[in-house]
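The values are calculated or read from the model by the stated rules, or taken from the named source; none is laboratory data. Computed from a predicted model, the values in this text were never measured in an experiment. Cβ coordinates were reconstructed from backbone atoms using ideal geometry, including for glycine residues, and neighbour counts include every protein chain displayed. Just so you know, the surface numbers come from the protein's heavy atoms only, side chains and all, with ligands and any DNA or RNA stripped out. Shrake-Rupley method; radii C 1.70, N 1.55, O 1.52, S 1.80 Å.
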Amino acid sequence: RMFYTCGPNEAMVVSGCGRSPPLMIAGGRVFVFPCIQQIQRISLNTLTLNVKSDKVYTRHGVPISVTGIAQVKIQGQNKEMLAAACQMFMGMSEVEIAQIALETLEGHQRAIIAHLTVEEIYQDRKKFSEQVFKVASSDLLNMGIGVVSYTLKDVHDDQNYLSSLGKARTAQVQRDARIGEAQFKRDAVIREAHAMQEKISAQYKNEIEMAKAQRDFELKKAAYDMEVNTKKAESEMAYQLQVAKTKQRIEEEKMQVQVVERTQQITLQEQEITRREKELEAKVQKPAEAERYRIEKLAEAEKGEAEAFALEAKGRAEAEQMAKKAEAFKQYKEGAMVDMLLEKLPLMAEEISKPLCAAQKVTMVSSGGSEVGAAKLTGEVLEIMTRLPSAVEKLTGVKISQRWSHHTPGSS
């Protein structure tokens, strides 16, 4: 009994008695019974293949040569793929395995070239590589070989087709480069103009913000200054007002002192005047009043004598007049009395109406069906006058109405 080992880049296959199916070990160890069991090894190294296809006609009939680089290896971790690889390649060397994989890849590469144009292969190498990798992988997997990578290395031709295509492409690229450069310059100018505009806008905006900030600062400063000045003015006015009030109180106190002094002076003056008046009264007024009283009494005595003489003369005149009237009354009797009464009637009417003349307001109340106002008042006065003859008749016994009817105008 023997003990065998292998590295991770190698696989062992043990077959024989007791090994059906064969035991496959990738990177490990195994016990093998000599004579009744057999051990074989297969390489799991990555193989680099230079896949070259010369003068392959493309879809448009242009012959080109294509070279690709592929990395392949037997998949030892996958039991099924390892079993397939052992069935196909057991006992073969790496060179032989690589040759089989290379021929397979080259066939798939030729088939794909025939279905594409030169432009598609030349301009889109990645797409070409993906197609070769996809088609070759599906075929090689059945052999137990996995394609690790495939890259298109070179594309060329003997008829300068690619060179012409390259020139056209170069011209196109140069044209696109010039257009791109012009567009870039234009875009650069536009971007520069935009940048300048944004710079100026930002500058203006910054200046506007600074102006606003300055304005706000000035406004706030003005408001603060106004508030401070107001407080100062209020303080100064309060101080001045307090000074004025103090001065006013001092002046008032001075005035009160002056008033007191003046009052005292007036009191003293009044006392002096009273004293002088009393002195004057004692010295001048009392004697003068006594003399005036004496003179007034003398004048009153003289006046009394004059009035007595005047009254005596008036009495004598009135006595003579009364005597004449009595003589006339005796001669004319009732007629004279009537004349005298008639002469006194206006005076009597005047005396009757005097109270009405002195009244400021007279309220007349009508009982209905009679006169009102001044006519009513006049009627009342006349009614009183019509009652006089009856009153005279009761006093003297003389009927004025009968005497007046016999009295003719011009008689005494």
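Structural remarks
- Estimated FRET transfer efficiency when R0 is 60 angstrom, pair residue 276-residue 214 (beta carbons, to 0.05): 0.10
- Nonpolar atom fraction for segment 1-44, defined as the carbon and sulfur part of the 1.4 Å probe accessible area, stands at 56 percent.
- Rolling a 1.4 Å probe over the protein heavy atoms leaves residue 6 with an accessible area of roughly 20 Å².
- Averaged per residue, segment 1-44 has 60 square angstrom of accessible surface, using a 1.4 angstrom probe with ligands and nucleic acids left out.
- Net charge over other residues, Cβ less than 15 angstrom from the Cβ of residue 292 (K, R count +1; D, E count -1): -2
- Mean sequence separation of contacting Cα pairs (under 8 Å, at least six apart), scaled by the length of segment 1-44, corresponds to a relative contact order of 49 percent.
- The residues of segment 74-211 present an accessible area of 65 Å² per residue when probed at 1.4 Å with all protein chains retained.
- Cα gyration tensor shape of segment 108-225, rounded if a/c is under 1.5, else prolate or oblate by comparing a/b with b/c: oblate
- 3J(HN,Hα) from dihedral phi, segment 91-102, Karplus parametrisation 6.51/-1.76/1.60, rounded to Hz, x for glycine, proline: x, 8, 7, 4, 5, 5, 5, 5, 5, 5, 5, 5
- Violating pairs (Cα-Cα greater than 30 angstrom) within the set 127/185; 73/126; 73/127; 52/73; 221/245; 79/153: 127/185; 221/245; 79/153
- One chain, two ends: residue 78 and residue 199. Fully extended at 0.36 nm per residue, the span grows by 37.0 nm beyond their Cα-Cα distance.
- Segment residue 317-residue 236, extension gain: residue separation times 0.36 nm, minus the distance between their alpha carbons: 19.3 nm
- Extension gain for the segment residue 139 to residue 283, taken as residue separation times 0.36 nm less the Cα-Cα distance, is 34.3 nm to one decimal.
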